[in-house]
Amino acid sequence: MSPHLPRVLMVEDSAPLSAVYRAYLQSEPFELICVASGQSALAELEQHLPDILLLDLHLPDMSGMDILRHVHEAQLGISTIVMTAHGSVDKVVDAMRLGAHDFIAKPVDAERLKVTLRNTLQFRQLNMLVSRYQNEFQRERFEGFVGASLAMQQIYRTIETAASSRATIFITGESGTGKEVCAEAIHRLSGRKEQEFVALNCAAIPKELMESEIFGHVKGAFTGAVSDRVGAAGRAHGGTLFMDEVCEMDLELQSKLLRFLQTGCFQKVGSSTTECVDVRIVCATNRDPLLEVREGRFREDLYYRLHVIPVHLPPLRERGDDVLRIADKLLLDYAAEEGKPFRRFAEPARQMLLNYPWPGNIRQLQNLIRHVVVLNDGIEVQAEMMPRAMLGESTTPVTLGRPEGPIPSPVRPHQNVTASPIRPLAEVERDAIMQAIAFCIYYIPQAARLLKVSPSTLYRKLQGWQQSAGAMGAAPPKEQE
Ligand SMILES: Nc1ncnc2c1ncn2[C@@H]1O[C@H](COP(=O)(O)OP(=O)(O)OP(=O)(O)O)[C@@H](O)[C@H]1O
Ligand SMILES: [Mg+2]
């Protein structure tokens with residue numbers, strides 16, 4: 001309940017009637033403001049919005065309908081009760097069409113007036129409660145996430161409640177489920193957002209450089225250390241240190257990390273001086289950390305030190321309709337970026353999105369939609385525009401994938417104008433790769449496995465073709481197989 005009384009604005013031109021109604025409502029818990037003309041009603045609405053408008057439709061200077069229309073069109077969020085002469089049903093119907101909440105027939109009875117006002121007020125309060133709960137419990141978007149599923153509501157609440165503490169957060173989830181989005185959300189909602197968010201990918205940094213990446217080094221500490229360098233832990237002082245792919249860390253370094261977590265202090269490589277920092281640790285992995293512990297690849301004591309607040313991001317296939325919510329947003333984003341008119345997915349295409357298991361999760365969905373947008377045209381994405389492999393039973397096994405980087409925009413090769421059946425080897429290779437990628441529904445790690453190359457080889461090639469296609473100018477898009 002708001003601390004102030006609800007405001008009721010009464011618009012009634014007859015002074016004696018206005019006095020009678022005021023007397024009726026004397027002991028009601030409202031703040032009652034009375035005006036006698038349409039103009040003064042509009043002026044009052046400009047000044048201070050009431051909760052309820054009690055409106056006589058017959059006014060000396062304008063029709064009450066005009067005021068009602070203004071309230072409706074300007075979406076002032078006021079509940080209006082109209083007062084009409086007995087029997088004017090048409091007017092009531094018109095008023096309801098213009099958003100009136102209720103009506104009272106004149107002459108107004110004291111009890112009827114009180115009850116109508118009380119009910120309207122109760123209705124407003126319930127409505128406000130419902131929209132508050134909707135905001136809190138059925139959020140469709142949250143700090144970079146799109147998704148309204150129950151599983152995601154739980155994630156949003158965990159992030160919100162845990163963000164402000166200094167406790168370590170351990171994020172798990174398959175590749176492309178939004179672990180980095182989650183880490184960034186935690187940082188933004190913590191009291192540390194003015195300081196740095198330092199992300200360190202433990203899988204991408206060579207083992208021998210990792211210690212220096214985390215803790216920094218002094219000049220001359222090793223060949224190539226030409227000057228002092230502050231590491232990630234130092235840069236994150238006061239902020240958040242995000243250790244991504246933490247299970248990939250070398251065992252020896254894991255013990256140094258454990259010491260750092262226990263004391264908050266470390267030594268730069270090559271230095272004997274101890275430095276202490278205040279950092280909040282968030283870490284993530286797409287592996288099963290307990291399996292890593294059992295198999296001896298991850299220190300058990302480090303695991304328990306890090307595993308304070310676990311956040312498990314569910315795979316996309318367990319988020320129900322969220323796949324459609326995310327797909328709709330991506331379609332609009334990519335259509336805008338690519339200058340295409342796409343607005344929505346046709347029903348059969350929506351079903352395909354819902355039925356597919358998405359082993360590469362949101363990143364795979366991004367890759368697929370980007371390709372569909374680039375390679376096609378129209379307002380609606382039709383089923384035929386989707387990869388053919390999605391039409392039948394999925395041939396892609398659902399496995400935990402390796403991290404998948406963003407795939408560059410699709411290749412747009414020149415059409416082959418020569419009649420010769422023999423094509424340059426590079427072109428054959430490109431076709432084989434694109435075929436494999438489409439076959440795997442834009443899940444690059446799976447395409448790489450089938451082609452028996454590493455995912456990074458595919459990314460490199462895609463990027464190269466993309467660049468040369470850009471250099472060649474506006475080549476016609478290749479038909480998607
Ligand atoms: N719920 C979501 N709604 C919209 N976009 C999302 C959502 N979750 C993730 N994304 C987007 O999907 C992409 C992959 O997300 P992110 O990098 O956070 O995943 P990840 O779990 O860290 O993946 P990996 O294990 O491969 O590193 C990003 O572009 C991110 O913005
Ligand atoms: Mg990641």
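The values are calculated or read from the model by the stated rules, or taken from the named source; none is laboratory data. Not measured: the values here are computed from a predicted model. Every residue, glycine as well, gets a Cβ built from its backbone with ideal geometry; the counts of neighbours run over all protein chains shown. Note: accessible area is taken over every heavy atom of the protein model, side chains too, but ligands, DNA and RNA are not part of it. Shrake-Rupley method; radii C 1.70, N 1.55, O 1.52, S 1.80 Å.
Surface composition of the chain: carbon and sulfur make up 52 percent of the accessible area, probe 1.4 Å. Each label was represented as a point 7 Å from its Cα along the Cα-to-Cβ direction; for residue 115 and residue 304 these points are 6.7 nm apart.
Straightening the chain between residue 227 and residue 435 buys 70.1 nm, computed as 0.36 nm per residue apart minus the Cα-Cα spacing. Kindly identify the chain as rounded, prolate or oblate by the Cα gyration tensor criterion: order the square roots of the eigenvalues as a ≥ b ≥ c, call it rounded if a/c is under 1.5, otherwise compare a/b with b/c, prolate if a/b is larger, else oblate. It is oblate, given that a/c is not under 1.5 and a/b is not larger than b/c. Given R0 = 25 Å, the distance between the Cβ atoms of residue 207 and residue 452 translates into a calculated FRET efficiency of 0.45. The separation of the range 204-218 from the range 65-107, counted between C-alpha centres, amounts to 71 Å. In the chain, if the dipole is taken from +1 on Lys/Arg beta carbons and -1 on Asp/Glu beta carbons about the Cα centre, which of 121, 369, 103 is farthest to the positive end? Comparing the listed Cα positions along the dipole, 369 ranks first. Rounded to the nearest 20 debye, the dipole magnitude of the chain is 1220 debye, with +1 charges on Lys and Arg beta carbons, -1 on Asp and Glu beta carbons, and the Cα centre as origin. Between residue 122 and residue 75, the distance separating the two model label sites (each 7 Å from Cα on the Cα→Cβ line) works out to 2.9 nm. Remark: the range 241-330 carries a charge dipole of roughly 160 debye about the Cα centre, counting +1 on each Lys and Arg Cβ and -1 on each Asp and Glu Cβ.
Computed per residue of the chain from DSSP H runs no shorter than four, each worth -39500 (n - 2.57), the mean residue ellipticity at 222 nm is -14000 deg cm²/dmol. Counting 0.36 nm for each residue step from residue 17 to residue 263 and taking away their Cα separation leaves a gain of 80.8 nm. Of the peptides 180-187, 222-229, the order by per-residue mean of other Cβ atoms within 10 Å, starting with the highest, comes out as 180-187, 222-229. Set the Förster radius R0 to 25 Å, insert the Cβ-Cβ distance between residue 391 and residue 343 as r into 1/(1 + (r/R0)^6), and round the FRET efficiency to 0.05. The calculated FRET efficiency here is 0.65. Available extension along the chain between residue 336 and residue 47 is 100.0 nm, counting 0.36 nm per residue and deducting the alpha carbon span. When peptides 265-272, 289-296 are ranked by their average number of other Cβ atoms within 10 Å per residue, the highest-first order is 265-272, 289-296. At a probe radius of 1.4 angstrom, the accessible area of the range 98-234 per residue rounds to 52 square angstrom. Helices that extend 30 Å or more along their long axis by alpha-carbon positions and average at least -1.0 on the Kyte-Doolittle scale are, among the DSSP H runs of the chain, 110-137. Taking 4.7 Å between beta carbons as the limit, the unpaired Cys residues of the chain are 34, 182, 202, 247, 283, 440. On the beta carbon distance between residue 324 and residue 134, with R0 = 22 Å, the FRET formula returns roughly 0.70. The modelled label-to-label distance between residue 5 and residue 428, using points 7 Å beyond Cα along the C-beta direction, is 9.0 nm. Taken per residue, the accessible surface of the range 258-328 reaches 48 Å², heavy atoms only and a 1.4 Å probe.
Here the range 1-147 is assigned +1 on the Cβ of each Lys and Arg and -1 on the Cβ of each Asp and Glu. Its dipole about the Cα centre then comes out at about 380 debye.
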